[in-house]
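Derivation of every value follows stated rules applied to the coordinates shown; laboratory data play no part. Here the structure is a predicted model, which is why all the values come from computation and not from measurement. Backbone-built Cβ (ideal geometry, glycine too); neighbour counts: all protein chains shown.
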Amino acid sequence: MNHAQAKERVNKLKELINEYRYKYHVLNESIMSDEAADSLKHELSMLEEEFPDLLTKDSPTQRVAGEPLPGFKQVEHSQRMLSLNDVFNKQEVEAWFDRISKNQPEVKPDFFVDIKMDGLACALIYNDGVLEFGVTRGDGFVGEDVTMNIRTIESIPLSLRSKTKFSNFLSGRTEVRGEIVMYKADFNRLNKKRQSQNLPLFANPRNTAAGTVRQLDPSLVAERTLHFRAYDLLRDDPSEVPTNEFAYEALKSLGFIANKSAKSLSSVKEIIDFADEWEQKRQTLEFNTDGLVIKLNDRAIFDRLGVVGKAPKAAIAYKYAAEQATTKVKDILVSIGRTGVATPVAVLEPVLIAGSTVQMATLHNEGEVHRKDIRIGDSVIVHKAGDIIPEVVEPLIKLRTGKERKFIMPIICPDCSVKLVKLKADDAAWRCPNKSCPSRTWKQIQHFASKEAMDIEGLGEKNVIALLDANLIKDTADIYSLEAKQLINLERFAEISANKLIKAIQQKKEPSLARLLYGLGIRHIGVQTAIDLAQHFKSLETIMQATIDELAAVDGVGDIVAESVVEYFAEPANLDLLSKLKRLKVWPKQVVDSSNGKLKGKNFVITGTLTNMSREEAAEKIRNLGGKFQNAVAKETDYLVTGDNPGGSKILSARRLNTTILTEAELLKLLD
């Protein structure tokens, strides 16, 4: 191959590899396999080695990490990277815009709103469309030159995309500002890997992303998956970017990820509606967020309003209720779970986290309390995300006074006074062995009635405790002997609610084998394991008679689970309960042989809320026809079913993997 041929080939390879990068890392689409892309990069590398003059700094081969850096140079920003003032409710948003309107009556309510990303702010400078350097925010005036590190991030283009209507940005100086983030899934994978290597776990994605970018060894940065999501576009001539909405359109066209959720709005009410919508949906985002960024859309007005202190007048950050807060540990008690596990629980001074008041937080087990060195009287950081039970992250040791007390695990159960035990020497948790322990009883009944088990509506924690306190029930089977007239005299019931609960109980006397098996509360038996056992053995009687070897041979069931199942069915009290259930005609219906069902070999994932059935009901129908229900989209997933308010990350994964996306109506047709 002569020089001219090599040059033509190199240009074509660069164009195709860059298109692959853009489609895969920005649009979540794939035009070829990873292996094919690697092969093209290898060919390009060989040609650049043979013809060194064809190597350019925007070549895809130049993403590779170089030698460790001696330190970071300080770089002055062309325009100050500003902070934003925080607001927390509708009234404060209205007050912000009222202040603007009083000073500038001609300003119209034209806003641009985006999800606020929890990462490291960074500016990328392109000269004539080629990446020159990347700078961290620093103090807003001066940042650190992290060019070698950010070049390893695949979602950062080494050269801006050409052949777009924004080709004018390929001439002169173009600055792109955005956030370097680590996605939640990548963070979890990284921590799982570190755990397997006995390394300390990272605290959260934001700190990990920031710490990674500031590593002096670019090869370490290359090992961790980071993403750059753009939010601003700067030119020497500000008129080239008239609005923030225009900036986002240009950014996407030039090759960057810019949040698709960002939009222009024309009233404070629309802003609050948008904020409320994303407060509900933010757990579905790939990255963490603590609120929104609200700006005036018109850039000329934005600049004219100016800056006060460190913040522009024309933009604010709308903050959601915090997911972390600090408080004090008043005491540490022990809670007994449905399987007898004794869990230390911190009693806290009440604190508002994620919109609700938190007074209790799990400490997991005795070993975890001592590992984190959490003491009674400590000031602590408490974390709560979504519906997850609050947990104590760490004590603030520097705030100790010397009066704090170490936690000592009790030797007897606080609910029934039976001595706590460890079933095995290597158990992390202590347990109450008393099957009749009051805490175990009500939690077991509640579990039996839960949505994933028997799905008995109205039999939640408070009603179960009320029935036990009134001596109307003593175990799970007793709920099927209840009569409405017994309930009417209880404080929590009237005639309608009593009849409704009795009807709900009686309707669930013939559950699927998997639901009953899960509802029994056997240690280590989760929803999927119960399904696997039901599909394999077909009847409860067969499972009860199975040996450890027979159980362990089932795919997804190991020795520990098998031993737990055998132990459960060897316990006389458990056999008595099953006999009682059978006498009351509460027994699983015949397992449908789905081995040759119409959905055999097909894997389904559901995201969002279905209208005609619950997710659990849909999963059961899929399994009865031979299909498999999954919790996350993977390479083997055939269909992603979308209901109302679907999760964005699952849809993105489905598109990336070319998974077929179905509506609920299309699923119903498949189920027929």
Going by C-beta contacts inside 10 Å, put Ser101, Ser594 in order with the fewest on the left. Ser101, Ser594
Computed over region 324-406, the convex hull of the Cα set has an average projected area, in nm², of 5.4
Averaged over all viewing directions, the convex hull of the alpha carbons in region 513-583 casts a projected area in nm² of 4.1
Explain nothing, just the number: dipole magnitude of region 513-583 about its Cα centre with +1 on each Lys and Arg Cβ and -1 on each Asp and Glu Cβ, in debye rounded to the nearest 20. 500
Can you compute the helix-only [θ] at 222 nm over the chain? Use -39500 (n - 2.57) per DSSP H run of at least 4 residues, normalise by all residues, nearest 500 deg cm²/dmol. -10500 deg cm²/dmol
Among 638-646, 102-110, 458-466, how do they line up by average Cβ neighbours within 10 Å per residue, starting with the highest? 638-646, 458-466, 102-110
Expected sort for Cys122, Cys437 with the fewest Cβ neighbours (10 Å cutoff) up front is Cys437, Cys122
Normalised by the residues of the chain, what does the relative contact order come to in percent, with Cα pairs under 8 Å and at least six apart? 9
Kirkwood hydrodynamic radius of the chain, Cα pairs, Å: 29.4
Compute the Rg/Rh shape ratio of region 339-498: radius of gyration over Kirkwood radius, all on alpha-carbon atoms. 1.04
Which residue, Ala654, Trp96, Thr362, has the largest displacement toward the positive end of the dipole of the chain when charges sit on each Cβ (Lys, Arg +1; Asp, Glu -1)? Thr362
